[in-house]
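The values are calculated or read from the model by the stated rules, or taken from the named source; none is laboratory data. Since this is a predicted model, take the numbers as computed values, not measurements. Backbone-built Cβ (ideal geometry, glycine too); neighbour counts: all protein chains shown. Areas reflect the complete protein model, heavy atoms only, side chains present, ligands, DNA and RNA absent. Shrake-Rupley method; radii C 1.70, N 1.55, O 1.52, S 1.80 Å.
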Protein chains: 2
Amino acid sequence: MKLEAAKAQFIQTWGSLATQWGINKTMAQIHALLLITPDPISQDDLMEELSISRGSANMNIRELIDWGLVDRVIKPGERKEFFLAEKDIWKVFRQIVKERKKRELEPLLKVLEQLKAVDGEKKNREAKAFTDTIENIQKFVGQADKSLDTMIKADENWFWGNLIKLIK
Amino acid sequence: MKLEAAKAQFIQTWGSLATQWGINKTMAQIHALLLITPDPISQDDLMEELSISRGSANMNIRELIDWGLVDRVIKPGERKEFFLAEKDIWKVFRQIVKERKKRELEPLLKVLEQLKAVDGEKKNREAKAFTDTIENIQKFVGQADKSLDTMIKADENWFWGNLIKLIK
DNA sequence: TAAAAGTTTCAATAACTTTTGAAAGATTAG
DNA sequence: CTAATCTTTCAAAAGTTATTGAAACTTTTA
């Protein structure tokens, strides 16, 4: 397989996987291209390689920087900005978990906490089932939240090493 | 907070969370309603409660059954079908992981395997960076895949208990 | 300071996804 | 068998999300 074809397929695969996870396809494709390219790339080159417009490139690059997955790089003597992705997949993964946790799990926990305060007077079947489910979800999400916190701080070898010990 | 309001908020929260994860909002809302309702519900009641059409209800219910999150229930003497959701969140979570793993991780591993076979003759900087990244992703995804396999089989208490011990 | 080079914004448009509901297809009771 | 009841399908419509590209803005150079 030729390098160009392999690159193209990786970019496309990464992009379609992303859409299944609620992530913008173009953003994932830019990320994919940066992941497999050793040197920093300019916005113009990204636009060229992926056939995307200036606006889209700019917006998605900014989002990637926001997620902490891509860094702006200034080359001495060059006017343009260049972009470089973190290549260590474990770090990338932790960064994504960290962001999603902050954006999703934490707000969810707040909502669940409120929902427990449903009028408890009438301890009927319906109200009981509702609070039971909410409390179970809350426990589950709370536990996941804590575990992820630890994982974010953990070192890759330590984490996998222990997990593998645990599951063997 | 009144039960009806709390239910409505839970359904809405679950639905919008789902869209962030690439899951159809209506499907998640149906799931949410079934989660907090102790008894089986008919399609007509689902349509009524969530204000959705017959077609959408049917399609999304089928998808939920496909995901193994909802069961069809036949009530003796009734012509209609009723639907009931698994209430144990740990089981729900494992089921979702199992499905996504099958639908996404396993195909991804196949693609990655192919991509490693990039023309290796020219061991240039670019080709090197590409295969390095692909191999790293492959290792990572492969490890995750195995760990998830074990998790799927694990019992809740066993899993959390050990994970908490591990991370403390 | 003016022109050049680069970056960002945003309204219009395109692409994609979901929903609708009427029609066709099943199944059951009588 | 056939009428009644319930379920499924699917093409059109609505709704949602992403992309475009020209214009506005900012920074740098000379």
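One table, with the values for the structure above:
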| item | result |
| --- | --- |
| Unique residue being out of contact with any Cys (no Cβ under 9 Å at 6 or more places or on another chain) and modelled with pLDDT under 95 when the list is A:LYS116, A:LYS110 | A:LYS116 |
| Among (1) among the hydrophobic types (A, V, I, L, M, F, W, C); (2) within 11 Å of chain B (Cβ to nearest Cβ); (3) open to solvent by 60 Å² or more (accessible area, probe 1.4 Å); (4) within 14 Å of DNA strand C (Cβ to nearest atom), the one test that A:PHE93 misses | (4) |
| Single residue of B:GLU78, B:GLU106 found to be over 25 Å from the mean Cα position of the chain (by Cα), acidic (Asp, Glu), exposed (fewer than 13 other Cβ atoms within 10 Å of the Cβ) and at negative phi | B:GLU78 |
| Qualifying positions in region B:108-142 - out of contact with any Phe, Trp or Tyr (no Cβ under 9 Å at 6 or more places or on another chain) and of a type in the set (S, T, N, Q) | B:GLN114, B:ASN124, B:THR131, B:GLN138 |
| Single residue of region A:135-150 satisfying the filter (facing another protein chain (nearest Cβ under 7 Å) and open to solvent by less than 20 Å² (accessible area, probe 1.4 Å)) that is modelled with the lowest pLDDT | A:SER147 |
| Residues satisfying the stated conditions in region A:1-46, i.e. of a type in the set (Val, Ile, Thr) and either under 17 Å from B:GLY22 (Cα atoms) or facing another protein chain (nearest Cβ under 10 Å) (or both) | A:THR13, A:THR19, A:ILE23, A:THR26, A:ILE36, A:THR37 |
| Members of region B:39-63 found to be more than 12 Å from DNA strand D (Cβ to nearest atom) and crowded, with 17+ Cβ neighbours inside 10 Å, listed by number | B:LEU50 |
| Among (1) more than 10 Å from every other protein chain (Cβ to nearest Cβ); (2) within 19 Å of B:LEU109 (Cβ to Cβ); (3) away from DNA strand C (no atom under 13 Å from the Cβ), the one test that A:GLU49 misses | (2) |
| Conditions (1) among the charged types (D, E, K, R); (2) in a helix (DSSP H, G or I); (3) under 21 Å from the mean Cα position of the chain (by Cα): number failed by B:GLU48 | (3) |
| Selection count, region A:76-123, where residues are in contact with a Lys or Arg (Cβ under 9 Å, 6 or more places away or on another chain) and within 16 Å of DNA strand D (Cβ to nearest atom) | 2 |
| Unique residue being within 13 Å of DNA strand C (Cβ to nearest atom), farther than 24 Å from B:ASN136 by Cα, of a type outside the set (Ser, Thr, Tyr) and in a helix (DSSP H, G or I) when the list is A:ARG103, A:ARG62 | A:ARG62 |
